[in-house]
Structures are given as C-alpha cells and as structure tokens.
Amino acid sequence: MDPFLRDLCERALDVARTAGASYADARYLAEEWESIDVQDQTVQGIDRGVTSGIGIRVIAGGAWGFAGTARLEPHEIERAARLAVDIARSGAGLLRTPVRLAEEPPRETAWSSTVIEDPFAVSLDDKLGLLFEATAIMRGVEGLAIAEASIDLWRRTSILTTSEGSRISQTITQSGAGIRALAINEREIQQRSYPNSFRGHFACSGYEHIRAMDLTGNAARIAGEAVALLSAPECPSTETTLVLDAPQIALQVHESIGHPLELDRVLGMEAAYAGTSFVSPKDRGHLRYGSDHITITADATLEGALGSFGYDDEGVEARRETLIEDGIFHRFITSRETAPQIGEDRSNGTMRASGWDVIPLIRMTNINLEPGASSLDEMVSTTDDGIFMSTNLSWSIDDKRVNFQFGTEIAWEIKKGRLGRMLRNPNYAGRTVDFWSSCDAVGGPAEWGAWGTPNCGKGQPGQTARVGHGTAPARFRNVRVGVRG
Amino acid sequence: MTRLGRDRMLEIVQPALAVQADGIHVLGFHSWGGLTRFASSEIHQNTWREDVEIRVMAVLAGGRTGVASTHAANGEAVRKAAQDAVAIARVCPPSPAFPGLAEPQEIPGKDGYDEETAQAGPSDRAAVVRRLLAGLAGDMAGAGFSETVADEVLVANSNGVSAYAATTRAGVSLMAIAPDSTGISEVLTRRVGDLDLERIASRAIGKAEHGRDPQPLAPGSYTVVLEPAASSTLMQFLAWIGFGAKAFLEDRSFLSDRMGERVCSELVTIVDDPLAPESLGLPFDFEGTPARRIALIERGVAKSVVWDRTTAKQAGLSSTGHALPPPNPEGPFPLNLLMEPGERSLEDLIASTERGLLVTRFHYSNIVNEKETVLTGMTRDGTFLIEDGKLARPVMNLRYTQNALEALSNVEAVGDTTEISTELFFGGSRAPALKIRDFKFSSATTH
C-alpha cells in the first residue's frame, strides 16, 4: 500500500469527520488499460492510458454525499472531502429515513487476482502478430469482407479506507480478446465472432487467458460461417424447442436474472433510468422463477471469472450466495445500505464503482446458472424438432425485465435429433418467468464455463462494469423464434 | 471551481508537444460538475467530480501512430504519455491511409459556457429537485436527476492547431410514479436558468395521471404518434448504423450505394448541426477541424454521411468535422443530430389520428438487422390508445420490431417543435414528434 496514497485517503477521512460526517470512505483507484484494434492488416488503434483519483463518500445528516477528484494533492483532497459533506447536507432536507448501513467488521488486508503472465509485459509486437495472423486467416476465406481482431487489458489498483477502520488494497488484472468476421451483401451484414461477440472472451486473468483461446485456430471456421450465412435460409417464424449455447445463456442470465435481482433496482433507486424489477422482496422463498433445472448463484470468488474480486467497494468480503434454488427465488444481490431495508443483517458484497469518480452501485459479480446433468449432444439428440442458436448479436428487455427479445449470430435447425441446415438472422422472444420455467435441460460441468460481460451499463453518471456469468448450454420448450420487423 | 482557460490548458499539454516525433496531436479535457439523483422522492445519490485528461497521439514516418493518455495534469505525466504514444507508434506498421495532422483553420465562434451553470452547487441542485417534486399527487413518488456540468476541451497539434472551447450543460429529469403508471419529462440545456421546472414537472405528472389503470392491447400494426424522445431513438440508431463514413465506405451502412436516392418520406430532413444555438456540440471536432452543418437526409433524399480526415482522404473528400478522439476504430460520428420540425402541433397529430398509439418514449432499443435498419425496443412511461382523434385510454407497454427507414418512409406528419432527448448510453439529439402509419409492435408486456 503506497504510504502517500494511503495518507491522502486517511486525510480525506479526517477532514470529512471533522466537517461532520458520521461515516466516510475514501477510495483511491488507479486503472491502466491497453486496447488494440486490428482490421484486416491495418492497426485501427492502440490505446494505452492510466486514470487515477480518489473518491470520497460520506454520510452527513443521514444523507449520502460524494466527491471525486483526479487532483492527488493534499489541499485538493481536503477540499473534496469538505465538498462531499456539503453535498450530503444539501440532500438531507429531502430525506425521510436516514441512511443506515449493515454492520461490517473493519479489515486490514490485501488481495490480488491470479496472474501467470503479466499481459502488460507482453510486447506489442507479439500482440499485433497474433491479431494480424488471425485476420489474415479470416481474409483468406473467399467472400469475406472485413476481418477484425482486438485485445483489451485492464489493471486496477485500489486502496479503500473507511472511518470504521478498514484498510484494503487490491490489484485486479483482467484480459480479453476476440476476432470477428463480417460478410456483406446488398441487403445484410452477417457476422461471426470467436470466442464470443462484443470484443471476445474476458476473464480476471493474465495473458495466459488470451494464449489459451486459439484465435488463429478458429479464424477460418468463423470466416467461413459468416460467408455461408449470407446464403443460408432465414430462421423461421414459429414456436419451437430452443437450445442456446453457453455464451448466449450468459447474456440471458445477465439481462433476465442478474439485473432484476439487483436490490437497488427493486427498491426503485434506478427507476428513472434503467428501470426497476418485476421481483419484490415479498417474493423471497415463494416466487417460482424457473423450472427445477434453474439454480442461480452470485459468486465473486469464482477463480478467473471476470466479476471476481477480494472485497467489494464497501469492504465486504467476496462470497458465494444462492439466489435461485431449483427454480425458487430466495435472495437479491445487495449493499450495506439496501440489505437492512428488506430486513437482512449483512450485505452480500456486490457494490462496485467503475472508477474513482463515481459511487459504488450494486453490480453483478459472477451470476451463474449452476451446471445441470445434460450435454449439448444429448439436448440435440433428444430434440425431434427445434433450433440451436449461438453467440449473442442483439438484446432488448423492458424496464421491469419481463419482456425480452434476443438475436444471435447463427443458428442451426434440429431435425430428428441432429443438427441440420444453418439459419440466418435467428432471434427469440419471451417473458422472463415463462422462459426460465420452460427450461428442461442444462449442460453439465464439462460444458460449464465463466463468460465475461465487459460492457454492463448502469447508473447516472453512466458506469460500465465488467461482470461474469458461469453457464452451460441449455434447452427451452415452446419458445417464439424468428420475430420479424 | 474555475476554468483553466485556453492558455493554462496549452501550458499543461506543452510537455507532450515538445516530445520528439514527426507529429504530435493532443487533446485536453477538463470537466467538473455535480449530479443529484432522487428516487422515492428522496435524494439518494448526490455526487460531484472533477477530472482532467490529456490524450496524446504521436505520429512517426509512414503514418505510424500511437495513442496514450493520462489523468494527471503535471508535466512528468503528460510527457510520459507522449513518450508512450511514440513507443506505440514505433511498433505499428506504416499506414498509408493516415491523412496527416490538421492544419490550423478558423474556428467558428460559439458561446456555450454559462458561469451560473458552471458554479451551481449542491444546494442549487437540491432546490431544483424540491421544485420538481412539489406538484406530485399524494400517491405519487418522484425519481430523476438534476445535473450541472462544465467542460473545457483543447485540441492542439504540432502543426499549430490550437482550438479551445468551454461548455456547460444543465439537465433535469422527473419520472412521476403512480401505483400503476409512470410519466417522464427530461430536459437538457446549456444554462441552468433556462430550465422551466414547472413545465417539466407538469408534463411528467400529467403523463402519470393519465396513465393510471393501463389495459393490455394486442400487438400488431398501428398508426403511431411518436413524441420527440421516441422519434429521437429512431434517428440515433440510424446514425449509429449508417451516418458515419467508415460504415459507408465499407458497405455496412444502409446508405452505402444509395446516396442521392430517396430513402424515406420527403417530410423527413435530418442534419448534424453542432453550431445550432440550442445544440450542445463543440465548434470543432477532435482533429481540430471546424464544425459545420451537414445535411444527411434532406426531404427524404440521402445527401451525405459525416467524414473525418482518414475517411475523407480515402474517398478524396474533405473532413466535415466529425472526428472522434483517437484512436477511433469506429470512424466519424454525428454527435449533434437534428430532425427538422414540421408544421403540425402534437395536438394536431393526435387529433388527425382515427386509431393509433401515442408513444412517449422507447426503452432499451437495439439493432435486429443493421443494414435493413430493423430495430426492436419497448415503449415506456406513457403509452396511450388514440381513438377518433382523442386519447382514449392508457395501455400496457408494447415491444416494437420495426424497420426504421420504413417507419420514416411512412411518416404522415411532423411536429412543429423539437426537443433534445437521450437514449440509453447515447448523447443528446433533437427531434420533433412524428405521425407514422403501419408501425409494427411484435409483443406486449405486463405493465
């Protein structure tokens, strides 16, 4: 823990307390990143940077106040701490119930994510070489229009100090990469991505995660699929059995389970922006959210998953919680402020801020669909008539997280237990509880893995969180597919 | 909080400009401001931030470039960012497509800075919230935000470009929440003093009041009257998937090969106009090119996309002043869209509709088919059935799955006033209300 930075944080706490704060935390964060974009054989951009600052969060007069500054000088930090208290007091007059925080023991500790190969130490030459090789292979496929490849790296170093006595330092390294092949005709763009869409596959890991992907080994396959999609028949508009691959299940979990179980949404704190939730606190222990095959956990301790950490930004230790068990809803993801509002003693540790300049919010950690006993082969071989969809392309869901519509990059028909023709423009739609209740098979541990969602948006000012989802392929009955405009 | 000003910002970026390279391009950003959020009629998140960012692009022989940035405004950090940018550029392959750095050009004058907004404090924002909440009915709660922000932007390069602007922004939103309905009103402006809080509150509260007891409605094709926020969503997504020159040149845009053709109703004109007095835009882009008004669709005919220096060089044209900060794999983008108003009031649009739907705004829209411009999303915060020219009753929210260009081809009338709106995760754009026939709703939800 850098003594200068720790002292700055301590100074912020002292000033806030002197100014009248009943609680204060000061959080130093430095995040460095590297982002590389290659298109065909040209570099579209290499971006390296670092942002650092201190965010000071206080309770004064029973209300929250927050001030963040990049100016890491003692007098600026003192000014920001006083301002945070002034801000809190400005809101106290519009408060009916003073903020009360769930108990949390103070901790002095440090945590780092596991890194075998420092991704920032790998040379740009090596990284560009990998990406250029992948795009060259893709462009070798006749009919392909555009080949893209990217790498994204982040390293967050933080110090959290609280007026309750916590002193927690963390270093979290995250890595991701992906390739995308685009085929274009006069009417449509067809794309295939590997290992996942929206810039690839992300993990709380070092460069070993990227080396293990085999981007080049999959480049020709996805380029061929993108070209083939242009002439494939369109996904039919019908109601059928739907099998989804693990990355698409990850986004389905994200949108229709993760977000509606965020307690701040449930309590209306995001009502005017991202929305609320169809789930209410009285549903705990009663609501059948899905079939018996659906068990959902929130697990910030999942080794290597993108949403893993040691402690959240309120100093709560990472943990694993069961949110839905055998289809029955039991638990929200919570914070120290919200947990007591529904009668719970402790936060389950999901508060994270995307930067030093914004407050922590309840964010998904790794929200996982626990493995079942089936397999993709078995799901297909026991389906007489259906569709297998792979790799997310589009998503949309209402403000209470009920009505959704998702598109994927590619699909194949299933006929008499076998995968058949490739289908283009696949999509499906439904309502959350009906959909999860129609699940009759989930893949087992061999097909289960953690997928990263690096672009989860929430809050005002907007924050982007990197979260994870452990999932396997799953099957759903009587799903509407092929929605057309 | 005070402005740094052009001279001080130039001083801050000077260590970057002094680093040895064939060319150096620097962006300086300084921003500060507060955002007070409220929910359940209480202020629950109350924040302030100040940030400085220096972003440096180094250019070496053969058009090799690298970008590095820092959020520390001291000479050592700025110099190191520039040195990192040079180190990145060294490993990049040559890029014949690189157009070189901009030469100095005259920047149009635009006064976008309001001292009262820049200096607004937490008690000012709390006072705004109190006034927004004052008119709520007894069974209603309010949620939303009050925000005041100031920004300074400097674009400088080793060719002598030195463009500077200071801007302010004041925004408020009120969602009135009744037991089974919501209504929203949201306004963004340059000056906090321009906010008509009573009107904003009255609109949100009126929507929630009229939206009580919504009934289900079967999905299908309806004539719709889209209020400005909903019109804006269609326009913003069209921009996202087709108004930029990179997508155009790569045949990914719905306008590729259609320039000069009629693509929608002649009632529709879409421009990008950073210089319009009510626009929140800068008078230059992030390459230092002066901003100007560009017609994208004029009376239904595709006229242009927006260009930066790289795409313009590729096409043998000039930049239109729409570059984003480097590095930018996405290409140029119109940040200040405006759909020109027509001559009909919103009341007229409703009165002329025998049977249809009034849509206050859309929620969480996304792209279904990029080149065919098919979008999907939900209605939200006030959806009403129109019968015989009157609002007959509120209805539960519906999902649209609709070709956006086809919708703009089916425009029957355009509202006479524009409003600035934001879609989730987008910036602001201005649009009028639109009356559109045969708008397709593919499913419904439960509220």
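The values are calculated or read from the model by the stated rules, or taken from the named source; none is laboratory data. The structure displayed is predicted, hence computed values, not measured ones. Quick reminder, even Gly has a Cβ in these numbers, built from the backbone with ideal geometry, and neighbours come from all protein chains shown.
Report yes if some residue within the stretch A:293-300 is buried (at least 21 other Cβ atoms within 10 Å of the Cβ), under 21 Å from the mean Cα position of the chain (by Cα), more than 14 Å from every other protein chain (Cβ to nearest Cβ) and in a loop (DSSP other than H, G, I, E, B); otherwise report no.
Within the stretch A:293-300, one or more residues are buried (at least 21 other Cβ atoms within 10 Å of the Cβ), under 21 Å from the mean Cα position of the chain (by Cα), more than 14 Å from every other protein chain (Cβ to nearest Cβ) and in a loop (DSSP other than H, G, I, E, B).
This table checks each residue for (1) part of a helix (DSSP H, G or I); (2) surrounded by fewer than 24 Cβ atoms within 10 Å (Cβ to Cβ).
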position: A:216; (1), (2): yes, yes
position: A:219; (1), (2): yes, no
position: A:223; (1), (2): yes, no
position: A:226; (1), (2): yes, no
position: A:239; (1), (2): no, yes
position: A:253; (1), (2): yes, no
position: A:264; (1), (2): yes, no
position: A:269; (1), (2): no, no
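Here is a list: B:375, B:346, B:296, B:357. Which entry is closer than 30 Å to residue A:401 by Cα and more than 14 Å from chain A (Cβ to nearest Cβ)?
Working: B:375 fails: more than 14 Å from chain A (Cβ to nearest Cβ); B:346 fails: closer than 30 Å to residue A:401 by Cα; B:296 fails: closer than 30 Å to residue A:401 by Cα.
Only one candidate passes the filter, namely B:357.
Name, by its number, the condition in (1) in contact with a strand residue (DSSP E or B) (Cβ under 7 Å, 6 or more places away or on another chain); (2) more than 23 Å from residue B:257 (Cα to Cα); (3) more than 14 Å from chain A (Cβ to nearest Cβ); (4) surrounded by 19 or more Cβ atoms within 10 Å (Cβ to Cβ) that does not hold for residue B:341.
With respect to (1) in contact with a strand residue (DSSP E or B) (Cβ under 7 Å, 6 or more places away or on another chain); (2) more than 23 Å from residue B:257 (Cα to Cα); (3) more than 14 Å from chain A (Cβ to nearest Cβ); (4) surrounded by 19 or more Cβ atoms within 10 Å (Cβ to Cβ), residue B:341 is out only on (4).
Taking residue A:5 as meeting all but one of (1) within 14 Å of chain B (Cβ to nearest Cβ); (2) over 22 Å from residue A:355 (Cβ atoms), write down the number of the exception.
(2)
Identify, please: which residue in the stretch A:58-80 is of a type in the set (D, E, K, R) and at the interface with chain B (Cβ under 9 Å from one of its Cβ atoms) and is, among those, farthest from the chain's Cα centre (by Cα)?
A:76
Taking the stretch A:357-403, which residues are of a type outside the set (A, V, I, L, M), within 9 Å of chain B (Cβ to nearest Cβ) and farther than 25 Å from residue A:241 by Cα?
Residues satisfying the conditions are A:357, A:399, A:400.
Which members of the stretch A:426-477 meet the condition of being assigned to a strand (DSSP E or B), of a type in the set (A, V, I, L, M, F, W, C) and either within 14 Å of chain B (Cβ to nearest Cβ) or at positive phi (or both)? Break it down stepwise before answering.
Residues of the stretch A:426-477 that are assigned to a strand (DSSP E or B), as a first pass: A:427-431, A:439-443, A:449-458, A:463-471, A:474-477.
Cutting the leftovers down to of a type in the set (A, V, I, L, M, F, W, C) gives us A:429, A:439, A:441-442, A:450-451, A:456, A:465, A:467, A:474, A:476.
Once the filter is applied, which keeps residues that are assigned to a strand (DSSP E or B), of a type in the set (A, V, I, L, M, F, W, C) and either within 14 Å of chain B (Cβ to nearest Cβ) or at positive phi (or both), the stretch A:426-477 yields A:429, A:456, A:465.
Criterion first (closer than 14 Å to residue A:333 by Cα and crowded, with 24+ Cβ neighbours inside 10 Å) does residue A:210 satisfy it? Explain how you work it out, then say what you get.
Working: closer than 14 Å to residue A:333 by Cα: no; crowded, with 24+ Cβ neighbours inside 10 Å: yes.
Spelling it out, it is not the case that residue A:210 is closer than 14 Å to residue A:333 by Cα and crowded, with 24+ Cβ neighbours inside 10 Å.
Has the stretch B:192-199 got any residue that is among the acidic types (Asp, Glu) and within 14 Å of chain A (Cβ to nearest Cβ)?
no
I'm told residue A:134 meets every condition in (1) more than 8 Å from chain B (Cβ to nearest Cβ); (2) closer than 27 Å to residue A:29 by Cβ; (3) under 31 Å from the mean Cα position of the chain (by Cα); (4) in contact (Cβ under 8 Å) with a residue 24 or more places away in the chain except one. Can you identify the failing condition by its number?
With respect to (1) more than 8 Å from chain B (Cβ to nearest Cβ); (2) closer than 27 Å to residue A:29 by Cβ; (3) under 31 Å from the mean Cα position of the chain (by Cα); (4) in contact (Cβ under 8 Å) with a residue 24 or more places away in the chain, residue A:134 is out only on (2).
May I ask you to verify whether residue B:359 is under 30 Å from residue B:203 (Cα atoms) and in a loop (DSSP other than H, G, I, E, B)?
When the stated conditions are applied, residue B:359 does not pass them.
Condition check ((1) closer than 24 Å to residue B:234 by Cβ; (2) crowded, with 21+ Cβ neighbours inside 10 Å; (3) among the basic types (Lys, Arg); (4) modelled with pLDDT of 95 or more) across all residues:
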| position | (1), (2), (3), (4) |
| --- | --- |
| B:294 | yes, yes, no, yes |
| B:300 | yes, no, no, yes |
| B:319 | no, yes, no, yes |
| B:335 | yes, yes, no, no |
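Considering only residues that are assigned to a helix (DSSP H, G or I) and either under 21 Å from the mean Cα position of the chain (by Cα) or among the β-branched types (Val, Ile, Thr) (or both), look in the stretch B:10-39 and name the one that is farthest from the other protein chains (Cβ to nearest Cβ). Please lay out each step first, then the result.
Filtering the stretch B:10-39 down to residues assigned to a helix (DSSP H, G or I) leaves B:10-17.
After this cut, where a residue has to be either under 21 Å from the mean Cα position of the chain (by Cα) or among the β-branched types (Val, Ile, Thr) (or both) as well, the list is B:12-13.
Working: B:12: 12, B:13: 15 Å.
Top of the filtered list is B:13.
Suppose the filter is facing another protein chain (nearest Cβ under 9 Å) and either among the hydroxyl-bearing types (Ser, Thr, Tyr) or surrounded by fewer than 23 Cβ atoms within 10 Å (Cβ to Cβ) (or both); does residue B:397 pass it?
Judged against the criteria, residue B:397 is not a match.
For the structure I just gave you, tell me whether residue A:387 is within 30 Å of residue B:403 (Cα to Cα), part of a strand (DSSP E or B) and in contact with a helix residue (DSSP H, G or I) (Cβ under 6 Å, 6 or more places away or on another chain).
no
Output yes when any residue across the stretch A:454-476 is among the basic types (Lys, Arg), more than 21 Å from residue A:202 (Cβ to Cβ) and surrounded by fewer than 20 Cβ atoms within 10 Å (Cβ to Cβ), and no when none is.
Looking for residues that are among the basic types (Lys, Arg), more than 21 Å from residue A:202 (Cβ to Cβ) and surrounded by fewer than 20 Cβ atoms within 10 Å (Cβ to Cβ), one finds none in the stretch A:454-476, hence no.
Determine whether the stretch A:91-106 contains at least one residue that is surrounded by fewer than 23 Cβ atoms within 10 Å (Cβ to Cβ), over 18 Å from residue A:22 (Cβ atoms) and under 27 Å from the mean Cα position of the chain (by Cα).
no
Find the residue count for the stretch B:40-71, including only residues that are within 17 Å of residue B:17 (Cβ to Cβ) and at the interface with chain A (Cβ under 7 Å from one of its Cβ atoms).
The number of residues fulfilling the criteria is 6.
Can you tell me which of (1) within 14 Å of another protein chain (Cβ to nearest Cβ); (2) outside any loop (DSSP other than H, G, I, E, B) is the one residue A:279 doesn't meet?
(2)
Select from the stretch B:94-126 the residues that are among the charged types (D, E, K, R) and in contact with a Leu (Cβ under 9 Å, 6 or more places away or on another chain) and write down the one among them that is nearest to residue B:273 (Cα to Cα).
If we take residues in the stretch B:94-126 being among the charged types (D, E, K, R) and in contact with a Leu (Cβ under 9 Å, 6 or more places away or on another chain), then B:110 is nearest to residue B:273 (Cα to Cα).
Return the only residue of A:169, A:205 being of a type in the set (S, T, N, Q) and either touching a Leu at 6+ places or on another chain (Cβ under 7 Å) or surrounded by 24 or more Cβ atoms within 10 Å (Cβ to Cβ) (or both).
A:205
So residue B:323 ticks every box in (1) at pLDDT 95 or above; (2) farther than 19 Å from residue B:108 by Cβ but one. Which box is left unticked?
(2)
Can you pull out every residue in the stretch B:378-391 that is within 14 Å of chain A (Cβ to nearest Cβ) and either in a loop (DSSP other than H, G, I, E, B) or within 23 Å of the chain's Cα centre (by Cα) (or both)?
B:378, B:379, B:380, B:381, B:382 - these are the residues of the stretch B:378-391 that are within 14 Å of chain A (Cβ to nearest Cβ) and either in a loop (DSSP other than H, G, I, E, B) or within 23 Å of the chain's Cα centre (by Cα) (or both).
Does residue B:90 satisfy the condition of being basic (Lys, Arg), closer than 29 Å to residue B:147 by Cβ and in contact with a strand residue (DSSP E or B) (Cβ under 9 Å, 6 or more places away or on another chain)?
no
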